[in-house]
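Structure first, commentary second.
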Amino acid sequence: MGTSSIYGGPIDKNPLLPEGFEDEYINDDALDTDNPDNETEEKKDNEEEEEGGRNIQPQNGSWQETKRAMSQYITGNSSNKGRVTRNYVKASGGSRAASNQAVSGRRSTVQLGNFLSSIARVGIYKTLENLHIDYIGKSVETLLSEIVNLISPNSNTKEDAVARNAIIEVECKMYEFILENGMDIESLDNINEVIFDEIMSSYVTSYIFERMLSDLQSRFEKYANNAQVALQKEKEFREFIQISVELRLNDVKLSKLDYQDKSIDGIIRDLYTECYRVLEAYI
């Protein structure tokens with residue numbers, strides 16, 4: 001590796017490459033910041049951003065346009081978050097392709113649903129026993145960490161890391177629920193269908209946001225004036241995605257799904273497709 005430490009995000013595909021040449025989700029080799037193609041793309045991107053968007057014909061669906069839209073939002077030259085999400089989903093290949101690429105995200109969604117469903121059926125202690133987690137004498141924090149490791153165990157790829165980060169976000173919400181109910185892990189037995197749906201919805205939202213953040217992190221690092229500005233912009237985008245995605249998730253009772261059914265992956269795949277479709281539809 002060279003001196004560059006900022007991952008520039010995905011780049012637009014070479015149209016000369018045969019179909020199927022690239023992996024479903026860009027592998028780590030494609031993320032090498034010393035790659036000449038990455039450097040060329042970054043240079044072009046920077047030059048166009050310096051032009052302030054003058055005389056540039058937008059290319060909806062390109063990573064270049066997606067990064068430019070995000071950069072302009074961060075710098076205050078645009079307030080259109082929907083423009084970013086629309087181009088992001090299109091650059092990913094559309095809502096169905098974005099859902100297909102969410103391999104670890106879909107898997108963790110099913111695992112989380114299985115975990116919560118088990119609590120609803122047999123309670124937290126029996127669930128922990130079935131998962132071979134020794135809970136005697138352990139703190140709530142330790143138990144939640146072990147649960148995270150079971151739901152999203154690996155971070156071998158960027159996709160794995162995104163799914164794991166989203167699970168950690170959800171576990172923080174579960175910790176808050178436990179804190180409000182006497183700091184006893186047994187309080188998870190009180191999770192009703194409403195809270196179940198909120199936790200699952202929170203995971204889907206967190207995953208989609210974390211995935212987008214992973215691909216566009218360089219925009220925040222390069223164009224936010226300071227860490228506080230970056231955090232504020234990230235917060236605004238998280239809230240925008242949450243509000244947008246919840247419009248779709250409100251129509252789905254995730255607590256009613258059978259997470260052990262053989263068809264569950266297809267159901268969750270369709271759910272993610274619909275969520276990405278909402279983000280793709282913004283103008």
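The values are calculated or read from the model by the stated rules, or taken from the named source; none is laboratory data. This structure is a prediction, so every number in the text was calculated from the model and none was measured. All Cβ positions, glycine included, derive from the backbone under ideal geometry; neighbour counts span all protein chains shown.
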Just to be sure, is Phe240 assigned to a helix (DSSP H, G or I), more than 16 Å from Glu169 (Cα to Cα), modelled with pLDDT under 95 and of a type in the set (Phe, Trp, Tyr)?
-> no
Of the residues in segment 81-93, those that are in contact with a helix residue (DSSP H, G or I) (Cβ under 7 Å, 6 or more places away or on another chain) and surrounded by fewer than 24 Cβ atoms within 10 Å (Cβ to Cβ) number 4
Apart from one, (1) buried (at least 19 other Cβ atoms within 10 Å of the Cβ); (2) of a type in the set (Ser, Thr, Tyr); (3) over 15 Å from Val89 (Cβ atoms) all hold for Tyr207; the odd one out is (3)
Only listed residue being within 13 Å of the chain's Cα centre (by Cα) and modelled with pLDDT of 95 or more, chosen from Thr205, Thr273 | Thr205
Failed criterion for Lys233 (all others in (1) closer than 19 Å to Ala281 by Cβ; (2) crowded, with 18+ Cβ neighbours inside 10 Å hold) | (1)
Selected residue (criterion: surrounded by the most Cβ atoms within 10 Å (Cβ to Cβ)) from residues of segment 146-179 that are within 18 Å of Met212 (Cβ to Cβ) and among the acidic types (Asp, Glu) = Glu159
Scan Glu198, Glu246 and give me the residue that is under 15 Å from the mean Cα position of the chain (by Cα), surrounded by fewer than 20 Cβ atoms within 10 Å (Cβ to Cβ) and over 22 Å from Lys158 (Cα atoms).
-> Glu246
Regarding Gly105, is this residue in contact with a Lys or Arg (Cβ under 8 Å, 6 or more places away or on another chain) and closer than 24 Å to Lys262 by Cβ?
-> yes
Result of the Cβ filter at 6 Å on segment 240-266, keeping first residues that are over 21 Å from Arg277 (Cα atoms) and in contact (Cβ under 8 Å) with a residue 40 or more places away in the chain and partners that are outside any loop (DSSP other than H, G, I, E, B) and of a type in the set (Val, Ile, Thr), at least 6 apart or interchain, is Tyr259/Val110
In this structure, does Ile195 turn out to be hydrophobic (A, V, I, L, M, F, W, C), farther than 19 Å from Gly82 by Cβ and without any contact (Cβ under 8 Å) to a residue 40 or more places away in the chain?
-> yes
When you go through Asn149, Asn156 one by one, which is the residue that is at pLDDT below 95 and either within 25 Å of Asp258 (Cβ to Cβ) or among the aliphatic types (A, V, I, L, M) (or both)?
-> Asn149
Under the condition of being in a helix (DSSP H, G or I) and more than 19 Å from the chain's Cα centre (by Cα), which residue from segment 250-270 is surrounded by the most Cβ atoms within 10 Å (Cβ to Cβ)?
-> Ser255
